[in-house]
Amino acid sequence: MLPPRGCSMGWFKNLLDWIGRWQLLQAGWLFAKPFLLPLMLAAAAGGAGWLGHLPVMWIIMAAALTFMGVVVGIFFGGAYRERTSPVNKILYTGTQVNYDLTPLPRSARSFLAHPLWRCINSRWQPLSH
C-alpha cells in the first residue's frame, strides 16, 4: 500500500535499510570473529616484525604465538563466560518436603481397596534364587 500524497517516508525506509545493514555486519562479525581475529592479529604481529627489520625466524615465531594466544583467549573467554553466566541454568529455590506426620483417614486410602491393586498385591512373590 502506498503512503498518501504529500507524506514522504523515504527517510524512514533509508533508516531501516541502514539498520538492516548494521545488523548484517554485526551478525557477520560474530560469525567470523573466531576465524578472522587470530589471523588478522598474527598478520599484524608479522607486519610489525617485518617493519622492525627482525629476522624471519622471529617473525614466524611471533605470528604463531600471537595466533595461539588469541585462539586460546577466545576459547577460554567463552568458557569462562558460560560458567559464570546464570543463563540457561537450573534455579534452586529451596527444598520442599510435602510430608504430613498425621495419618490419613481410612477413606483417603481408598486406592488400596481397588480390585486391581489387591490382585497385584496378592500375586506378588519375591524372587527366589
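The values are calculated or read from the model by the stated rules, or taken from the named source; none is laboratory data. Treat the numbers as computed from the prediction; the structure is a model and nothing was measured. Cβ: placed from backbone, ideal geometry, glycine included. Neighbour counts: every protein chain shown.
Listing for the model above:
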| read-out | value |
| --- | --- |
| Counted residues, the stretch 27-43 - those being over 27 Å from residue 58 (Cβ atoms) and not hydrophobic (A, V, I, L, M, F, W, C) | 2 |
| Scan of the stretch 40-83 for residues that are over 19 Å from residue 29 (Cα atoms), among the β-branched types (Val, Ile, Thr) and within 31 Å of the chain's Cα centre (by Cα), ordered by number | 66 |
| All positions within the stretch 19-66 that are basic (Lys, Arg) and more than 27 Å from residue 77 (Cβ to Cβ) | 21 |
| Tally, over the stretch 69-114, of residues that are surrounded by fewer than 10 Cβ atoms within 10 Å (Cβ to Cβ), at pLDDT 80 or above and not in a loop (DSSP other than H, G, I, E, B) | 2 |
| Every residue from the stretch 1-58 that is modelled with pLDDT under 85, of a type outside the set (A, V, I, L, M, F, W, C) and not in a helix (DSSP H, G or I) | 3, 4, 5, 6, 8 |
